[in-house]
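Colleague: Below is a structure I'd like to ask you about.
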Amino acid sequence: MDKNIIFKEIVIETPVDKIITQIKDLISSGQLKAGDRLPSERMLSQQFGVGRTHVRDAIRKLEFYGILKTLPQSGTVVAGFGITALEGLISDVLKVQGTDFYSLVESRVILETNAAQLAAQRRTKDDIVAIARALDNYEQAVKAGKPSVEEDLMFHLKISEASKNSVLNSLMLIVTPDILTYFTENNVCAGDRPVSALDEHYLIFEHIEKMEPEKAEKTMRTHLSDILNFSEKSQNPNE
């Protein structure tokens, strides 16, 4: 046998990953198009042959990355991504590569401070409902003592959507997967940080709801300062 042969690690897919892959294939093939509504959670559970918890987690993850959207009184629909962008986002959902964490967080600060400012100027009633729902999900996770990284970032992504700037929102979707992975692997949001972040989230939400762009931008910048400092120290641990 050739000693130079390199065997690849076998990745065992979870039911959630398999659901994500099937939905990705249906969108890529054109069987599911932007705006198409997915069947109910119960029907999907029956069709996939898995529990509703797996379906719910897959939909939540796809919604988290902007691939699906849950609209009031319309259910879950396919978002309007192009196939190329979608392929890249799906790859990030299933397998995220390591990168320069400080650069990601620095970019996030630039994007999110502007997103908060624009959201405070342009938000609609539906945006407020979506942000409030994300905030409520985050609060429930924090008070239950559960991992809340995904709920945290979902709150920020809903603010990005409310900015009504498609380029800014797309860039947020690009940097978010790697940030999520780093947060999870390095237990960044441990201790009391989620509790203090909850109060900051409410303040950001309040400024956006009241359409106070300057206050929203300033509060978001203050909110992200801790993670920016953390990422800088992680990049230069000897300083």
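Colleague: To the nearest Å, what is the center-to-center distance of the stretch 195-228 and the stretch 8-66, using C-alpha atoms only?
Modeller: 33
Colleague: Taking only the alpha-carbon atoms of the stretch 15-80, what semi-axes of the equivalent ellipsoid follow from 5 times the gyration tensor eigenvalues under a square root, in whole Å, largest first?
Modeller: Each semi-axis is √(5λ); the values are 17, 14, 11 Å.
Colleague: Related question: Hey, rough spin-label estimate for THR21 and LYS218, points 7 angstrom out along Cα→Cβ, what's it come to in nanometres?
Modeller: 5.1
Colleague: Taking 22 Å as R0, compute the FRET efficiency from the Cβ-Cβ separation of LYS143 and GLU200 and round it to 0.05.
Modeller: Efficiency computed from Cβ-Cβ geometry: 0.90.
Colleague: Using a Förster distance of 35 angstrom, determine the FRET efficiency expected from the C-beta separation of GLN121 and GLN31, and round it to 0.05.
Modeller: Efficiency, rounded to the nearest 0.05: 0.35.
Colleague: Related question: With r as the distance between the Cβ atoms of ARG193 and VAL129 and R0 = 30 Å, compute the FRET efficiency 1/(1 + (r/R0)^6) and round to 0.05.
Modeller: 0.65
Colleague: Under a point spin-label approximation (7 Å from Cα along Cα-to-Cβ), what is the GLN46-THR184 distance to one decimal in nm?
Modeller: 3.1
Colleague: Moving to a separate point now. What's the extension gain from LEU71 to ASP226 if we count 0.36 nm per residue and subtract their Cα-Cα distance?
Modeller: 52.5 nm
Values in this text are rule-based calculations from the coordinates and carry no lab data. Small disclaimer: the values here were computed from a predicted structure and weren't measured. Reconstructed Cβ throughout: ideal geometry from the backbone, glycine too, with neighbour counts over all protein chains shown.
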